[in-house]
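Remarks on the structure that follows.
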Amino acid sequence: MECDKKYITIQQLEQHNKAGDLWISINGKVYNVSDWSKYHPGGETPLLNLAGKDVTDAFTAYHPTTAWQYLNKFFTGYRLKDYEVSEVSKDYRNIIHEFTKAGMFENKGHTAVFTLTSVAAMFGFVFYGVLCCNSLWVHLCSAMVLGMAWIQSAYIGHDSGHYIVMSGHGWNKFVQLITGNCLTGISIAWWKWTHNAHHIACNSLDYDPDLQHIPVFAVSSRLFNSVTSSFYGRKLEFDYMARILISYQHWTFYPIMCVARVNLYIQTLLLLFSKRQVQDRTLNIMGIIVFWTWFPLLVSWLPNWSHRVMFVLTSFVVTSIQHVQFCLNHFSANVYVGPPNGNDWFEKQTNGTLDISCSPWMDWFFDGCYGS
């Protein structure tokens, strides 16, 4: 009965907004996920970013329908007294309902098989070109194909990280480790840590790590005020060095993109060997060891150092296509300061993402219609 229901206000919900005291609201029902947050498959950061808020739209966007059945064990017994849904959120939820009904979110197994097969074929070509040929031009061509294989592997890692490649959770995790750690040398644990935070607070200057590139790049003049990063837990100092580097970012952007992969390797190692809680740390480290075994051995098979240097640089330069794409998707879009609220979450997502139309033949390079 209605009179038996217990209610709290949004203001009371907002008081439970930190680790150890973390409440959220979904469809007006209040859940205590304080203990669960450390086991959350998407990491603790997304929950902390939306702690004390209504998360209905974010929950719907990033969880399968099967996740709803597990909510009851976290229910506090409270409902929001002043719960309201904005018109934008209503439209978003209607769209999600229609798309789900039309089967647009169902796994397309043939696409995954085709992509995985094409990646395997590209790696086969690379190994053949390096191991069986002595021509510099064949080696450079192999390096270009390796760069393309890394790009496609990253897209598969991305999609399996969202658990939409394979039918089961375990198989998706297996694909993540193979395509991410083993083939590209970039930890799927690092990717989840940063990417989930990016999705929850898309283009927030202080909550989205994908915009926090001080002292090298600045996407907004508001970063000149030394914003404190909620993600990294430190101030992004706009100091003398940042002032110099950013004043030339229009010249340095593309050269840096050509070697941006090195930063991803560094970030992977910093996370895996840090004191932070990392899900599947051992598996991630083992996968990285696999990469740093086969890749140096492959390069060492080349006949001389000039071939080796050109091979590595060429493969890195090709992957800059992907790095530039990621930047274009968000660097040119609207930014804001602070976390999104429940009722403006979808609006913040769309304002912070830029769709770029291109010819159909280019879809393969950009994972179809990749936007985040």
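Calculate the FRET efficiency for Tyr128 and Glu84 from the Cβ-Cβ distance with a Förster distance of 51 Å, rounded to the nearest 0.05. Numbers along the way, then the final one.
Values: r = 62 Å, r/R0 = 1.21.
Taking R0 as 51 Å, the efficiency between Tyr128 and Glu84 is 0.25.
May I ask for the angle, rounded to the nearest 10°, between helix 305-331 and the longest principal axis of the chain, with both axes built from Cα atoms and the value confined to 0 to 90°?
30
Set Lys and Arg Cβ to +1 and Asp and Glu Cβ to -1, take the dipole of the range 109-365 about its Cα centre, and tell me which of Trp191, Gln279, Ala120 lies farthest positive.
Gln279
In what sequence, highest mean first, do 191-199, 260-268, 226-234, 358-366 appear when ranked by Cβ atoms within 10 angstrom? Before the final figure, lay out each step's value.
On the way: 191-199: 21.6, 260-268: 16.8, 226-234: 14.7, 358-366: 10.9.
Per-residue mean Cβ counts within 10 Å order the peptides as 191-199, 260-268, 226-234, 358-366.
How charged is the neighbourhood of Ser204? Take every other residue with its Cβ under 12 Å from the Cβ of Ser204, and add Lys/Arg as +1 and Asp/Glu as -1.
Values: positive: Arg222, Lys348; negative: Asp206, Asp208, Asp210, Asp344.
Charge balance in the 12 Å sphere: -2.
Expected output is a single nm value to one decimal: the length gained when fully extending between Asn72 and His169, i.e. 0.36 nm times separation in residues minus the C-alpha distance. What is it?
Values: separation 97, 0.36 × 97 = 34.92 nm, distance 2.14 nm.
Taking 0.36 nm per residue and subtracting the Cα distance, the gain is 32.8 nm.
Give, in nm to one decimal, the length gained when the segment between Asp91 and Asn263 is fully stretched (0.36 nm per residue of separation minus the Cα-Cα distance).
Details: separation 172, 0.36 × 172 = 61.92 nm, distance 3.95 nm.
Gain on extension, Asp91 to Asn263, equals 58.0 nm.
Leaving out ligands and nucleic acids, note down the accessible area per residue over the chain with a 1.4 angstrom probe, in whole Å².
Details: 19510 Å² over 372 residues.
Ligands and nucleic acids excluded, the figure is 52 Å² per residue.
Please check: in the Gaussian network model of the chain (C-alpha springs, under 10 Å), which one of His139, His162, His250 has the largest mean-square fluctuation.
Top of the fluctuation ranking is His250.
Give a residue-ordered list of calculated ³J(HN,Hα) values for the range 135-152 (Karplus: 6.51 cos²θ - 1.76 cosθ + 1.60, θ = phi - 60°; whole Hz; x for Gly, Pro).
6, 4, 5, 5, 5, 5, 5, 5, 5, 5, 5, 4, x, 5, 5, 5, 4, 5
As a quick test, which of the pairs Lys73/Lys348; Lys53/Lys348; Lys53/Lys192 have an alpha carbon distance above 24 angstrom in this structure?
Values: Lys73/Lys348 30 Å; Lys53/Lys348 15 Å; Lys53/Lys192 22 Å.
Beyond 24 Å: Lys73/Lys348.
Treat each spin label as a single point 7 Å out from the Cα along the C-beta direction, and report the Val290 to His250 distance in nm.
Each label point is offset 7 Å from its Cα along the Cβ direction, giving 4.5 nm.
In debye, nearest 20, what is the charge dipole magnitude of the range 72-172 about its Cα centre with +1 on Lys and Arg Cβ and -1 on Asp and Glu Cβ, if you could check? Don't skip to the answer; put the middle values down first.
Numbers: 7 positive and 7 negative charges, 53 e Å.
So the dipole magnitude of the range 72-172 works out to roughly 260 debye.
For the range 6-102, state the semi-axes of the equivalent ellipsoid (square roots of 5 times the eigenvalues of the alpha-carbon gyration tensor), sorted largest first and rounded to whole angstrom.
22, 17, 12
Counting GluC sites (Glu not before Pro) as exposed when in a DSSP loop with at most 11 other beta carbons within 10 Å, what is the longest stretch of the chain free of them? Spell out each step's value before the answer.
Values: sites that count: Glu84, Glu106.
Longest site-free region, per DSSP loop and neighbour criteria: 107-372.
With +1 on each Lys and Arg Cβ and -1 on each Asp and Glu Cβ, and nothing else charged, work out how big the dipole of the range 109-365 is about its Cα centre, in Debye to the nearest 20. Working shown, then result.
Numbers: 12 positive and 11 negative charges, 128 e Å.
With Lys and Arg at +1 and Asp and Glu at -1, about 620 debye.
Take Leu136 and Trp301, extend 7 Å from each Cα along the Cα→Cβ direction, and tell me the distance between the two endpoints in nm.
Result for the modelled spin labels: 2.2 nm.
Could you calculate the contour length gain from Tyr39 to Lys5, that is, 0.36 nm times the residue separation minus the distance between their Cα atoms, to one decimal place in nm? Mind dumping the intermediate values first?
Working: separation 34, 0.36 × 34 = 12.24 nm, distance 2.94 nm.
Gain on extension, Tyr39 to Lys5, equals 9.3 nm.
For the pair Phe114 and Asp21, what calculated FRET efficiency results from E = 1/(1 + (r/R0)^6), where r is the Cβ-Cβ distance and R0 = 35 Å, to the nearest 0.05?
0.15
Roughly to the nearest percent, how much of the accessible area of the chain is carbon and sulfur, given a 1.4 Å probe? List each step's numbers first, then the result.
Numbers: 12280 of 19510 Å².
Exposed carbon and sulfur together represent 63 percent of the surface.
Using a Förster distance of 30 Å, how high is the FRET efficiency between Ser332 and His63, based on the Cβ-Cβ distance and rounded to 0.05? If you can, show how the numbers build up before the last one.
Numbers: r = 29 Å, r/R0 = 0.98.
For Ser332 and His63, the calculated efficiency is 0.55.
The values are calculated or read from the model by the stated rules, or taken from the named source; none is laboratory data. Keep in mind it's a predicted model, so treat the numbers as computed, not measured. Cβ sites come from the backbone with ideal geometry, for glycine too, and all protein chains shown count toward neighbours. Areas reflect the complete protein model, heavy atoms only, side chains present, ligands, DNA and RNA absent. Shrake-Rupley method; radii C 1.70, N 1.55, O 1.52, S 1.80 Å.
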